[in-house]
Structure formats: structure tokens, C-alpha cells
Amino acid sequence: GTTRTRTTPCTSAFQSSKHRIVGSIDAVVEFARALALRGRIVASREKPLVWSFSPTIVEVASASRSFLTNTQVARVPKGTMSRASAHALALVLSLAVLVSGVQAQAKPTDEVGTNALPVYSITTDEWSDDVLADPSETVVAVTSAGSCVCDLTEGACDGNCCCDPDCTSTELGLFTARSDDDTLTVCLDEGPAPPSLDYCVPSSAMSSVNLESSSTLSVVTNNEASMSFLSQQLCIVDSNSAELGKYFTDPGFATTDDLATARTREIGKFFRPDPTAVAAAVAAKATAAASELYRVNDTIAATGAPGNVFTLPGKTFSGVCGYTNVVGFGLPLPSAIEEDAAECDVPLTNLATACTGSTLSSDNLINNLRVADTKGSSPTYIAPTVSSMKYRARVGGNEQTLAAVTGVTSPAATYDAATDVCAFAVAEAHFTVTHTGAGSISAVSVELVYTDAIGAEGAQWITNAGTGVVPSVDPNSLRQKFSVKFVKSGSTAIPKSGSPGYVVGAPLMAGTVTVDPSASSAKEAVSRLVDGLPIPAAGLDGHCGSNFNSPVRFGMSQSSSCAVPLTLSGLQAFCEGTGSSGSVDAYMNVIATTSAADGVAPTAGAPLPAQLTDGLFYSVSTASLSLSAATAVVAGWADASYLNVADWRACSTTDDSDCATEIAALGAPAESMSWDASTNTCSNVVVGVNLDVLTAKVGTMDNPQSRVSRVSPEWVYDSWTYVDPYASSSARQDFMLTSTVRFVEMEQASAEGVTPATPPIFPSLPADVFYPFVSAGPAGGKAAASASWWFAAAVALVAALATTRQEC
């Protein structure tokens with residue numbers, strides 16, 4: 001017969017002659033959620049449910065028939081579940097429906113493929129309004145270069161950057177209050193002030209100054225005059241020019257007020273702060289905290305987070321993930337421009353516990369997180385929305401997009417004891433906090449990347465190794481990445497690598513030239529790469545893959561290597577072009593997931609370094625490489641707009657075909673690979689790409705700005721030799737691919753002041769100097785003095801001299 005019962009959301013207990021389940025709702029919901037995520041059930045929250053059970057089938061029915069649209073049935077084979085077990089499972093499922101409201105999310109099957117390099121999109125409005133049909137290179141005045149180095153985001157206000165032109169007066173008012181005076185705000189370092197000249201008259205009284213825009217006024221040299229008669233008569237004996245240098249003067253006697261002011265300003269730098277200064281700081285902090293609106297660097301209240309404060313994992317002293325990154329309002333995480341994300345490692349020694357009890361599970365990161373929109377006593381708590389979900393393959397790193405499932409914020413991690421694998425482990429979580437620009441938060445979204453966490457020496461790892469599959473490095477830990485960016489509602493924030501010069505360690509900004517997709521326009525812009533210029537790199541196991549790239553960092557010469565494992569016969573097949581396993585990614589998948597036969601090798605085609613960068617440096621159009629034959633460019637200045645392609649090409653003014661920062665695409669290798677059976681050597685293998693980046697300094701000596709002046713790539717060739725002729729036919733040797741980047745500085749003359757243009761013999765006079773005797777030019781304009789004016793002036797001068805002599 002069939003037994004019927006009704007449950008309520010307040011109780012969770014069931015007892016039979018053999019089984020009894022008593023526990024908290026949270027505990028049983030976790031079990032039901034795990035079942036749901038494995039694709040066994042679909043559940044949703046609505047009205048109290050009536051459950052029907054039998055030893056052979058568990059069926060869910062709603063009190064409202066309109067709820068049955070997406071309901072599925074979970075069937076259990078006959079003889080595998082007792083009546084008591086069926087009752088227990090049904091009770092668990094009912095509680096899951098009433099409380100969790102989750103729906104199944106299927107894990108995708110791993111696929112071989114190349115992830116498209118992420119780029120910043122160009123909108124239709126930008127094509128029509130902002131991209132110029134005839135772009136010209138931006139001229140940076142060296143006297144003002146580097147005057148706002150804290151402006152590191154295009155189109156958005158950088159927190160506490162008081163010189164940022166994107167900041168509105170309202171946003172400036174939200175900057176962090178100073179600890180000694182809450183009416184003043186903290187300002188980040190903006191760089192030294194541009195050089196200036198001090199005149200004895202107001203600047204408004206100056207008609208013109210013949211100072212060239214390229215003058216730096218940075219160095220004044222004293223040269224000994226020659227011994228010629230004329231030079232000795234006109235040389236400088238002494239000078240009191242203020243432009244010979246600027247120095248700190250002795251401030252003289254210090255008052256008690258000077259000491260008190262200094263102690264207040266430096267309050268956080270002493271073991272025993274001055275009590276008066278502490279009291280002033282506490283009062284200023286209380287005043288700032290009284291406002292309901294967030295100010296820059298205020299902590300953000302949140303439920304479901306450690307200490308009820310929005311906090312993300314970061315490195316502890318051992319590198320293990322811990323909640324160390326407290327998110328400050330308006331400030332990105334990580335704060336350093338040299339880092340893409342905050343990274344840390346989750347140990348996998350006890351994967352069963354780590355899978356659901358650590359940051360591997362989105363339940364502990366996102367699903368229970370609620371962020372307060374303001375600092376008020378009764379804020380609205382905002383639940384994060386998942387803007388994208390991807391699943392990263394264990395081999396090759398290919399990422400597949402997951403479709404959103406109704407009722408699921410983000411799938412929680414699930415552990416499979418049979419294989420010692422944690423599915424839906426969070427590998428990356430990137431948050432975007434949208435604010436109003438007036439101190440309140442309007443939305444929070446997150447982009448997620450999932451992967452499988454495989455237990456060290458677990459069943460899956462041992463199975464792979466035992467079947468001849470190339471085992472990866474013992475997965476003792478899983479590296480996670482986290483980031484937070486703040487975006488004003490209605491605006492698009494795009495990070496820069498400096499302002500205007502590059503910051504050492506910042507990504508080298510690069511992209512490909514793209515044409516306006518509309519048929520009526522031939523405008524060009526730059527499809528800018530989000531992570532900067534990439535070069536091939538290794539995965540966690542040291543092997544090559546098209547999804548393992550290393551971003552080039554400005555000013556940091558680097559070498560990046562990865563390995564391609566080949567047997568002796570496989571090396572020969574690759575060298576002679578008879579390999580049949582497809583691309584290097586497909587080949588890596590073959591040897592990592594199957595007991596590959598001897599002799600398998602990548603198929604002949606584009607050079608391996610070109611395959612690993614999706615054809616970015618390759619001039620030969622190849623269907624499988626989306627960036628092949630594309631025009632790759634590098635930004636000369638770190639704040640170059642992707643809407644002005646001229647700033648990314650830096651073409652010669654005399655030869656527009658010579659563009660200094662356009663990466664000349666590399667063609668097919670000049671010589672084919674050749675095999676020498678006597679030495680087991682393959683010659684002329686393209687093993688990497690070398691990139692030379694020429695840099696130059698511009699601006700004042702105390703704050704020089706670095707720019708890219710020229711870029712030049714070239715293929716790197718080498719020979720691969722199988723060194724052990726006695727190895728078994730299935731033994732694979734690692735052959736290395738190595739790409740390099742060299743930053744070299746342009747040879748420049750010592751910094752010196754630029755000599756202004758020679759002034760005219762007769763100075764320019766205002767148009768109305770002889771008014772009303774001589775009429776001026778058109779109203780509102782200035783007329784140059786004519787020859788008749790000069791004649792009149794000469795006559796007046798002679799008359800004045802004659803009169804003076806008569807009086808004497």
C-alpha cells in the first residue's frame with residue numbers, strides 16, 4: 001500500500017522500526033542539495049507538499065497542480081531501498097523543497113578547445129560617436145606628464161584620487177576623511193607638481209611666454225665661457241635665479257602647535273600615540289561613521305560573511321586561503337596594479353571536508369552572502385547575482401559556459417567518495433559592486449569559474465596513472481583567485497596600466513585592430529585584451545596548453561616555458577609532419593585521458609607557439625586560430641584609449657607603413673623541420689617567440705614617465721633530441737617550448753632644459769598700445785603692430801632722448 005504524510009517546515013524527524021532521522025533543517029537540506037546537484041531531483045519552494053512513498057518509487061506532488069511544470073521524478077530500482085529508507089529520503093527531500101529551493105545543475109563533460117582571449121567590447125554608440133575616422137596620435141606635454149599618477153581607471157573615479165577628472169563633486173565628498181580633520185579628505189599621491197615660473201607680476205598681466213610645451217625645466221647647467229673677447233664681456237658673473245633649483249629652507253623655531261599638528265597627522269606611526277591625537281581621531285571617525293552613506297575604504301556590512309563584514313579569502317602566512325581581504329568601499333581588490341587577482345591555496349589533503357567546509361563551495365562564498373546597501377541602521381541587504389558561470393576542464397583548461405538554472409544562485413560543491421573528486425569547486429570568483437556614486441550600493445554580481453578538485457593520490461588520480469594516462473602533479477592544493485571592482489551605475493570602468501606612463505609590473509596593454517562592423521563605416525579601433533599581451537605558459541603539471549598564458553608585465557623581462565611530452569616515434573612523426581592527433585591541445589588531451597598508442601604526435605600545421613596564443617603572432621590565416629592574420633598592437637602610453645587606434649600604432653610621420661608599436665606578424669618558418677635518425681634529433685623546431693620592447697623616458701627627472709617606443713617579435717628555433725635510445729617505446733620525454741620578453745631602454749641624451757625659441761628683436765606689442773592715436777583691430781581680437789606703429793614709436797623715442805639731453 002501507499003503511506004501518506006504531511007510535513008511542515010518546523011520539524012524534521014522520522015522514526016520506523018529500523019531507522020530514525022532527527023536533525024536540524026540545515027543538515028538535511030545540505031544532503032538534499034547534494035543530491036539535487038548530482039542531477040537526481042528537481043525541487044522548488046512553494047506551498048506545503050504532500051509526499052507519496054513506496055519501496056520502489058518516490059514521487060513528489062504539489063498541493064497546487066500549477067507547480068508541476070518543472071517537477072521531475074526520482075526513481076530507485078526495485079529491491080534497492082527499504083520502506084524506511086524511502087520514508088527517510090522523502091522527508092529529506094521535502095525539507096529541501098521547503099527550505100533550500102535549489103534546482104539541479106549538471107556538470108559538463110570536459111571538451112578540448114581554446115578559450116577566446118577576453119577583450120573589452122566596443123559599443124555601437126562608441127563606434128558612431130567616439131571613434132575617429134581619421135585618428136591622430138595623442139601628444140603628451142612633458143611638463144604635465146605624470147601630474148595625476150593615481151588615475152588608473154578609464155571612465156571611472158578612482159577612490160581617494162583627488163586629481164581624477166572622472167570624479168564628480170559628490171564622489172570627491174565621499175573620499176576617506178582624514179583622522180585629524182573630518183572636513184578634509186585623504187588624497188593619494190598625485191605626482192610632483194609641473195614646473196612653473198614665478199613672475200613679479202600677476203599671470204593675468206602676461207601677454208605671452210615663449211616657453212615650449214616640450215621644455216622640462218629639469219636641469220640647469222653652468223658652462224665656462226670661452227676665452228674670446230666677446231664671450232668674456234657677455235658671460236655671467238653671478239646669478240640669483242630661482243630656477244637653478246628648489247630646496248627646503250630651514251623652518252626655524254618650532255612652536256608647540258607645530259609639534260601637536262605633526263603628532264596628530266602621524267597618529268598611526270607610534271607605539272604610544274598621543275592621547276589628545278587619539279581623541280581627535282576617534283571623534284573624527286565617529287563623525288564619519290554617523291553618516292548612512294559609505295565613504296571610500298569604509299567596511300561593507302554583510303550577512304553570511306565573517307564578522308558580518310564583506311570579506312574575501314586571501315593568502316595567510318603559509319599561502320593557504322583565509323579570510324584576510326576586507327573589502328573597502330570604492331577600492332578595488334587587489335589594490336596593487338601589478339596583480340590581476342588575490343590568490344591563495346586550498347589544501348586537498350582532506351578533500352571530503354574541504355569540499356563543503358571551505359571556500360571551495362560557493363555556499364560559503366556567495367549563496368549565503370547578503371551585502372548592505374548603506375551603513376544605516378536598517379539597510380537593505382542585497383543578494384549577489386551570478387552574471388556568468390564557467391566550468392574549467394581538468395586537462396587543457398578549456399572553460400565551458402554553464403546555463404543558469406532557475407532557483408540556483410550558484411551550484412555548491414559536491415564530494416564523490418568513490419573517486420575522491422570534489423565537483424563544482426570554485427576556482428575563481430570575480431565580484432562587481434555597482435554603486436550610485438552617492439555612497440550607496442545598488443547591485444552586486446559575480447563571475448564564477450568552477451573546476452574539479454582531485455584528491456592527492458585519490459582513486460581518480462591512481463586510475464589515470466594505472467591506465468597509462470600521463471598523471472599530473474600531485475594535486476595537494478587548489479589555487480583560487482578572487483577580485484572585486486567597483487563600478488558607478490551607468491558607466492564603464494576600464495583599468496589602465498599607468499597615467500600616462502607605464503607602472504613597472506603593470507600589464508603591457510595590447511589588442512588587435514578591428515573594423516567598425518557597420519557596412520557604412522571603415523573606422524578602426526582596438527579590441528583591447530583584458531589581461532594584456534600574453535605569451536605561452538605552463539599549466540599546473542608543467543605541460544603546454546592554449547589556455548595557459550602568462551601576461552607580459554611592463555619593465556619586467558621574463559622567460560616562460562612549458563613541456564610537450566613525446567615518445568621517440570612520436571618525436572619523429574611530429575618532425576616529419578605525419579602526426580595525426582590534431583592541435584597541441586588535442587594531443588595533450590589524448591595522452592592525458594587515454595592509453596595512447598606509441599607514435600602519436602601533434603598534427604603538422606602552425607608552429608606550436610602560434611597555436612598556444614590562438615595565432616596572435618602568426619600572419620598565416622588559419623581557421624582554428626581566431627587571431628591569426630590579425631594586426632596586433634601595443635599601447636605606447638599606459639592610458640591610451642582603445643577608441644584611438646593611432647595611439648596603438650605610433651606610425652612614422654614620413655612613412656605610414658612603419659608603425660613602431662604594431663607587432664609585425666610572423667610568417668611560416670623559413671626552414672622546415674628535419675629528422676636525423678642517427679642522433680634522434682629534430683632540427684629547426686620553432687620553440688618559442690621572443691619579443692623585444694623598446695622603452696623611453698619622458699618628463700621631469702624627478703618623475704619620468706615610461707612609454708613603449710617600439711616592439712619587435714621573432715621566432716626562436718632549437719633542436720629536439722631524444723636522449724635515451726634504450727627507453728621503452730612508450731616512454732615520453734619532455735621537450736621544452738620557451739618564449740621570452742626583453743625590455744630595453746632607448747639610449748637618450750642626459751635630461752636637459754629645452755632652449756626656448758629666440759625672441760624677436762622688436763617685441764610684440766598689444767594692439768591698443770597707441771590707442772586712441774592708432775585704431776585697434778577687430779573687436780575682441782588682437783592686431784599685430786604695423787610698421788607705422790614702429791615708426792611712430794621710434795620718433796617718440798628720439799624726441800624723448802632729445803628732450804632729456806636739453807634738460808641735462
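Considering segment 370-407, the residues that are among the charged types (D, E, K, R) and open to solvent by 40 Å² or more (accessible area, probe 1.4 Å) include one that is farthest from G542 (Cα to Cα), namely K375. For T700, the test of being in contact with a strand residue (DSSP E or B) (Cβ under 9 Å, 6 or more places away or on another chain) and open to solvent by less than 70 Å² (accessible area, probe 1.4 Å) is failed.
If the condition is being in contact with a strand residue (DSSP E or B) (Cβ under 8 Å, 6 or more places away or on another chain) and closer than 22 Å to T631 by Cβ, then segment 497-520 contributes S497, Y502, P507, L508, M509, A510, G511, T512, V513, T514, V515, D516. Pairs are defined by a Cβ separation below 6 Å, a sequence spacing of at least 6 or placement on different chains, a first member in segment 289-314 that is without any contact (Cβ under 8 Å) to a residue 24 or more places away in the chain and within 13 Å of R370 (Cα to Cα), and a second member that is among the small types (G, A, S) and open to solvent by less than 50 Å² (accessible area, probe 1.4 Å); the pairs so defined are T311/A305.
Pairs are defined by a Cβ separation below 7 Å, a sequence spacing of at least 6 or placement on different chains, a first member in segment 644-655 that is touching a residue at least 12 places away in the same chain (Cβ under 8 Å), and a second member that is assigned to a loop (DSSP other than H, G, I, E, B) and of a type in the set (S, T, Y); the pairs so defined are N644/T138; A646/S136; D647/T138; D647/S641; W648/T661; R649/T661; A650/T661. Within segment 696-708, residues that are assigned to a loop (DSSP other than H, G, I, E, B) reach partners that are crowded, with 18+ Cβ neighbours inside 10 Å and of a type in the set (A, V, I, L, M, F, W, C) with beta carbons closer than 7 Å, at six or more positions or on different chains, in the pairs G699/V142; G699/A145; P704/V698.
When we screen D647, D655 for residues that are buried (at least 17 other Cβ atoms within 10 Å of the Cβ) and outside any strand (DSSP E or B), the only hit is D647. The test for being at pLDDT 95 or above and more than 27 Å from P507 (Cα to Cα) holds for S719.
If I ask for residues that are β-branched (V, I, T), surrounded by 13 or more Cβ atoms within 10 Å (Cβ to Cβ) and more than 37 Å from the chain's Cα centre (by Cα), which ones from segment 710-745 would you list?
Listed by number, the list holds a single entry, T721.
The set of residues in segment 658-677 being in a loop (DSSP other than H, G, I, E, B) and within 23 Å of the chain's Cα centre (by Cα) consists of T661 alone. Considering each residue of segment 138-159, count those that are assigned to a loop (DSSP other than H, G, I, E, B), touching a strand residue (DSSP E or B) at 6+ places or on another chain (Cβ under 8 Å) and surrounded by 14 or more Cβ atoms within 10 Å (Cβ to Cβ), and give that number. Here the count works out to 9.
Every residue in segment 529-544 that is crowded, with 22+ Cβ neighbours inside 10 Å and among the aliphatic types (A, V, I, L, M), please. Hits for segment 529-544 are L529, L533, I535. Before we move on, is V526 surrounded by fewer than 21 Cβ atoms within 10 Å (Cβ to Cβ) and either modelled with pLDDT of 95 or more or not acidic (D, E) (or both)? Considered against the rule, which asks whether it is surrounded by fewer than 21 Cβ atoms within 10 Å (Cβ to Cβ) and either modelled with pLDDT of 95 or more or not acidic (D, E) (or both), V526 comes out as no. At pLDDT below 90, over 27 Å from the mean Cα position of the chain (by Cα), of a type outside the set (A, V, I, L, M) and surrounded by fewer than 18 Cβ atoms within 10 Å (Cβ to Cβ): does that describe P118? Judged against the criteria, P118 is not a match. Could you go through segment 338-351 and let me know if any residue there is open to solvent by 10 Å² or more (accessible area, probe 1.4 Å), charged (D, E, K, R) and in contact with a strand residue (DSSP E or B) (Cβ under 6 Å, 6 or more places away or on another chain). Within segment 338-351, one or more residues are open to solvent by 10 Å² or more (accessible area, probe 1.4 Å), charged (D, E, K, R) and in contact with a strand residue (DSSP E or B) (Cβ under 6 Å, 6 or more places away or on another chain).
Residue-wise test of (1) modelled with pLDDT of 70 or more; (2) farther than 16 Å from N297 by Cα; (3) surrounded by 15 or more Cβ atoms within 10 Å (Cβ to Cβ); (4) among the charged types (D, E, K, R).
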{"site": "C161", "(1), (2), (3), (4)": "yes, no, yes, no"}
{"site": "D166", "(1), (2), (3), (4)": "yes, yes, yes, yes"}
{"site": "S169", "(1), (2), (3), (4)": "yes, yes, no, no"}
{"site": "R178", "(1), (2), (3), (4)": "yes, no, yes, yes"}
{"site": "D182", "(1), (2), (3), (4)": "no, no, yes, yes"}
{"site": "T185", "(1), (2), (3), (4)": "yes, no, yes, no"}
{"site": "L197", "(1), (2), (3), (4)": "no, yes, no, no"}
{"site": "S203", "(1), (2), (3), (4)": "no, yes, no, no"}
{"site": "M206", "(1), (2), (3), (4)": "no, yes, no, no"}
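Applying the condition of being open to solvent by 10 Å² or more (accessible area, probe 1.4 Å), of a type in the set (A, V, I, L, M, F, W, C) and over 23 Å from K488 (Cα atoms) to segment 424-454 and asking which residue is farthest from the chain's Cα centre (by Cα) yields I454. When G667, G688 are checked against the criterion of being surrounded by fewer than 15 Cβ atoms within 10 Å (Cβ to Cβ), in contact (Cβ under 8 Å) with a residue 24 or more places away in the chain, over 30 Å from V140 (Cα atoms) and not polar (S, T, N, Q), G667 stands alone in meeting it.
Among the residues making up segment 618-639, those that are open to solvent by 10 Å² or more (accessible area, probe 1.4 Å) and closer than 12 Å to G511 by Cα are L627, A630, T631. Taken residue by residue, segment 545-566 has no member that is open to solvent by 50 Å² or more (accessible area, probe 1.4 Å), modelled with pLDDT under 95, among the β-branched types (V, I, T) and not in a loop (DSSP other than H, G, I, E, B).
The values are calculated or read from the model by the stated rules, or taken from the named source; none is laboratory data. These numbers were taken from a predicted model, which means no experiment stands behind them. Ideal geometry is used to build each Cβ from the backbone, glycine not excepted, and the neighbour counts take in all protein chains shown. Ligands, DNA and RNA are stripped out before the accessible areas are found, and what is left, the full protein with its side chains, is counted by its heavy atoms. Shrake-Rupley method; radii C 1.70, N 1.55, O 1.52, S 1.80 Å.
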